[in-house]
1. Here is a check on your reading of the model: is ARG45 under 17 Å from PHE127 (Cα atoms) and open to solvent by less than 70 Å² (accessible area, probe 1.4 Å)?
2. Whether any residue in segment 74-94 is out of contact with any Lys or Arg (no Cβ under 6 Å at 6 or more places or on another chain), closer than 22 Å to VAL37 by Cβ and open to solvent by 20 Å² or more (accessible area, probe 1.4 Å) is what I want to check.
3. Restricting attention to segment 40-55, does a residue exist that is in a loop (DSSP other than H, G, I, E, B) and modelled with pLDDT under 95?
4. I'm trying to understand the selection: among the residues of segment 58-72, which are assigned to a strand (DSSP E or B), open to solvent by 10 Å² or more (accessible area, probe 1.4 Å) and more than 24 Å from ALA168 (Cα to Cα)?
5. Looking only at residues that are under 17 Å from ALA168 (Cβ atoms) and of a type in the set (Lys, Arg) in segment 190-217, which one is most open to solvent (accessible area, probe 1.4 Å)?
6. Which residues, counting only those in segment 218-268, are small (Gly, Ala, Ser), crowded, with 21+ Cβ neighbours inside 10 Å and out of contact with any Gly (no Cβ under 9 Å at 6 or more places or on another chain)?
7. Name the residue that is farthest from THR7 (Cα to Cα), counting only residues in segment 73-91 that are in contact (Cβ under 8 Å) with a residue 12 or more places away in the chain and not in a loop (DSSP other than H, G, I, E, B).
8. Identify all residues within segment 226-251 that are without any contact (Cβ under 8 Å) to a residue 60 or more places away in the chain and closer than 12 Å to TYR176 by Cβ; write none if there are none.
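The values are calculated or read from the model by the stated rules, or taken from the named source; none is laboratory data. For clarity, every value in this text was computed on a predicted model and none was experimentally measured. Backbone-built Cβ (ideal geometry, glycine too); neighbour counts: all protein chains shown. The protein model used for the area step is the full one, side chains on, heavy atoms only, and it has no ligands, DNA or RNA in it. Shrake-Rupley method; radii C 1.70, N 1.55, O 1.52, S 1.80 Å.
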Amino acid sequence: MPELPETETIARDLDHEVSGRRILGVSVTRGDVLREVGPEELATRVTDATIVRCWRRAKLVVMELSTGDRIVVQPRFTGALLLDAGALPESERRYSTLAFRLDDGRLLHYRDIRRLGTVALMRPERFAAYSEALGIEPLDPGFTADELSGLLRGSRQAVKKVLMDQRAVVGIGNIYANEALWRAAILPSRPARELMPAEVARLRNAVVDVLRESIALRGTSFRDYVDASGGRGGFVARLAAYGRAGLPCPRCGEPLVGTHAIDGRSTVLCARCQS
């Protein structure tokens, strides 16, 4: 966390709220979250720059500046971008690792409790190279059943691992891989190359549907994820598999099974529906 729906929500919020705003300065309290630049270079390059637009690439939030630089945020497990007009709770500000001061008086904090996420400043050519190394966006028109089949049929790995490989398909983490595979009635441990065309088509549709539904509900919140205003995502109420081990399968009623055998991470499945 955050995965694609969460970073998409944050990026959309920021694009609405801060595009056109000028950065007057930046304060860095925890420099270990920075990549590509140090605190002094970051301050030099972003001060007086205007935020042109904000968008998402994979699980990254990207802020394009008038200078051409990109502020690239990878929130990982506990990172968040939070706007502060003076009312942000102290509990949130306490974990602010850096803050951009905007020309309308607000602060844009990068808050990261465990400091596992990163904030990078990249020039256009550096960001282009970084982005090109990532896989296909699952919400792009090019993410077809044929495209997914090409990614799967060359791999002996479990289909769940391929879905979560950011060099193949970006933005899908543990939560949405679990959900898509449950919806498609495919066993997560199946070797990817063994899936039949009809199964690949079901999986492609399940991936797209679950991501779009979660975006519409502003993501999934368990503990740490909040949007740019501090609000929580509502998709947690729609989860059919993830986090529900031992509870009845919504499709057949059998108890859902939890395992860590596939990739060392929690996988929840229905042994009947996904056999």
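1. In short, yes.
2. There is at least one residue in segment 74-94 that is out of contact with any Lys or Arg (no Cβ under 6 Å at 6 or more places or on another chain), closer than 22 Å to VAL37 by Cβ and open to solvent by 20 Å² or more (accessible area, probe 1.4 Å).
3. Start the filter on segment 40-55 by keeping residues that are in a loop (DSSP other than H, G, I, E, B), which leaves 47-49.
Those left that are additionally modelled with pLDDT under 95: none.
No, there is no match, as no residue in segment 40-55 is in a loop (DSSP other than H, G, I, E, B) and modelled with pLDDT under 95.
4. GLU64, the sole residue that qualifies.
5. ARG193
6. ALA228, ALA241
7. ASP84
8. Hit for segment 226-251 is ARG238, nothing else.
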